[in-house]
Amino acid sequence: MIKKIKYLSLSIVVFMLMAMAWHKYYVAVFQFNYVSSKKEIQITSRIFIDDLEAAFVKKYKKHFYLGTSAEVADASEYLKKYFAGKIHIKVNGKEKPIKFLGKEAEDDILICYYTLPAESGVKTIWVGNTTLLEMFDDQQNIIHVNIKGNKKSLLLTNGETEGLLEF
């Protein structure tokens, strides 16, 4: 009887672990750091390559092979265009242009780098971010902001695509 209980318990644990492995999470992380000496906000995003590739196929009707040796030559231009339409930022109430600097692949993650001007410091930052929301109903865009050691975060989803942080 004890062997049956142990076997049943082990079977339940294995089934739960397998179920968790089958579940796909749709998450992108954006880290904002204010660099006062440069009077700019530096942004790093981390996005699953397969999710971004699927969005690009849907939007642009072609494969880009992001993060591989077969990546198309103008992939960075398409990334720049995509993020310009998906990420909007206001610093102290004023919309700021986002400059796409570049990207690199790390395993199955595409890491992208951006900057935006913040000449007069940061008292408030408003972020609108709809990255991949057109693809996945349960997409979550996590925004971490660090302004002079003061750290705050936003969780943006299809139900809430924008947020304001005060420092």
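When you filter the GluC sites (Glu not before Pro) in the stretch 66-146 for DSSP loop state and at most 13 other Cβ atoms inside 10 Å of their Cβ, you are left with GLU119, GLU134. Excluding ligands, DNA and RNA, the accessible surface per residue across the chain is 60 Å² with a 1.4 Å probe.
Geometric descriptor of the chain, per residue, is 165 Å³ (volume of the convex hull of the Cα atoms). Taking a sphere under 9 Å around the Cβ of HIS144 and counting the other residues whose Cβ falls inside, with K and R at +1 and D and E at -1, yields a net charge of +2.
For the stretch 91-120, list residues with backbone N below 16 Å from a point placed 7 Å from the Cα of LEU164 toward its Cβ? Flagged as within label range: 91-96. Computed about the Cα centre, the dipole magnitude for the chain is approximately 380 debye when only Lys and Arg (+1) and Asp and Glu (-1) carry charge, each at its Cβ.
Spatial offset of the stretch 81-140 relative to the stretch 29-72 amounts to 9 Å, using the alpha carbon center of each. Structural descriptor for the chain: relative contact order 25 percent, calculated from alpha carbon pairs under 8 angstrom and at least 6 residues apart.
Only helices enter the 222 nm calculation for the chain: every DSSP H run of n ≥ 4 contributes -39,500 (n - 2.57), and dividing by all residues gives -9000 deg cm²/dmol, rounded to 500. Loop-located chymotrypsin sites (Phe, Trp or Tyr not before Pro) in the stretch 45-124 (DSSP state not H, G, I, E or B) with no more than 15 neighbouring Cβ atoms inside 10 Å: TYR65.
Within the shell defined by Cβ-Cβ distances under 12 Å, the residues around ASN33 carry a net charge of +2, with Lys and Arg each +1 and Asp and Glu each -1. For the stretch 24-167, the share of accessible area belonging to carbon and sulfur comes to 50 percent (1.4 Å probe, ligands and nucleic acids excluded). The packing ranking, built from the mean of other Cβ atoms within 10 Å per residue, places the peptides 24-30, 35-41 in the order 24-30, 35-41, highest first. Loop-only trypsin sites (Lys or Arg not before Pro) in the stretch 95-167, please: DSSP not H, G, I, E or B, and at most 16 other Cβ atoms within 10 Å. Filter output for the stretch 95-167: LYS123, LYS148. Among beta bridges identified by DSSP and lying wholly in the chain, the antiparallel ones come to about 85 percent.
The values are calculated or read from the model by the stated rules, or taken from the named source; none is laboratory data. It should be emphasised that the depicted structure is a prediction, and the values quoted were computed from it without experimental measurement. FYI the Cβ positions are ideal-geometry reconstructions off the backbone, even for glycines, and counts take in every protein chain you see. The area values use the complete protein model at the heavy-atom level, side chains included, leaving out ligands, DNA and RNA. Shrake-Rupley method; radii C 1.70, N 1.55, O 1.52, S 1.80 Å.
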